Each structure stands twice: as C-alpha cells, then as structure tokens.
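Worksheet: one structure, shown below.
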Amino acid sequence: MTAQVIKVKYYHDAGHGWVAVKRNLLRESGLEKEISAFSYQKGQTVYLEEDCDAYKFEKAMKAKGYVFEVDNRYCERSPIRSYASYFTV
C-alpha cells in the first residue's frame, strides 16, 4: 500500500509559523473543533499554528497513512496574523 502524500506550505517569520492546509483535510483529520484561536483562516485554507495545532494535525493524518511534503516559505512580515482567527464554538 502506497502512502498518500499531503503537500503543505509552512509559512514562518521571525516570531512564529503556520502550516497551511485545506479545510477539507482538516475535516478529514477530525480536529475541526480542537483547533486553537492561534490558528488563522482565509477562504478554504486554515493556517495551523506550528507548536500545537499543526502537530496534532500531522499526528492525526500520519495515523491515517499520510506522509507530508513540506514547502518552507519565510516571510519578513507574514500577513497571516491579519487573517481571521480560527475559532469554533
């Protein structure tokens, strides 16, 4: 059985980082209601905070047989902080 590859972008600046994932993959992980307000969203993309939310996502998806291909993107002043906070009630 061949593992499915998830291609993600890891955006980071001098202070923090986020892993960008499509909302449907977040749904598939089963973590939609466990994501913190330190993650952000814009359109169908959720930017998972690197220390907690991204780790949970990676762990959940690896348990489902996925492997990750990461594209690192450094930005001096990331616009991600200006996106809407991800918070589910």
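Any read-out appearing in this document is the output of simple, stated calculations on the displayed coordinates, not a laboratory observation. All figures in this text were calculated on a predicted structure; none of them were measured in a lab. Every residue, glycine among them, receives a Cβ derived from its backbone with ideal geometry; neighbour counts consider all protein chains shown.
Among the residues making up segment 31-83, those that are small (Gly, Ala, Ser) and closer than 16 Å to LYS9 by Cβ are SER39, GLY43, ALA54, SER78. Each residue in segment 46-58 was checked for being farther than 10 Å from VAL19 by Cα and touching a Lys or Arg at 6+ places or on another chain (Cβ under 7 Å), and 0 of them qualify. Tell me, yes or no, whether segment 11-26 has at least one residue that is under 18 Å from ALA84 (Cβ atoms), touching a residue at least 40 places away in the same chain (Cβ under 8 Å), assigned to a loop (DSSP other than H, G, I, E, B) and touching a Phe, Trp or Tyr at 6+ places or on another chain (Cβ under 8 Å). The answer is no; no qualifying residue exists. Among the residues in segment 22-40, are any of a type in the set (S, T, N, Q) and within 18 Å of ALA3 (Cα to Cα)? Yes, because at least one residue in segment 22-40 is of a type in the set (S, T, N, Q) and within 18 Å of ALA3 (Cα to Cα).
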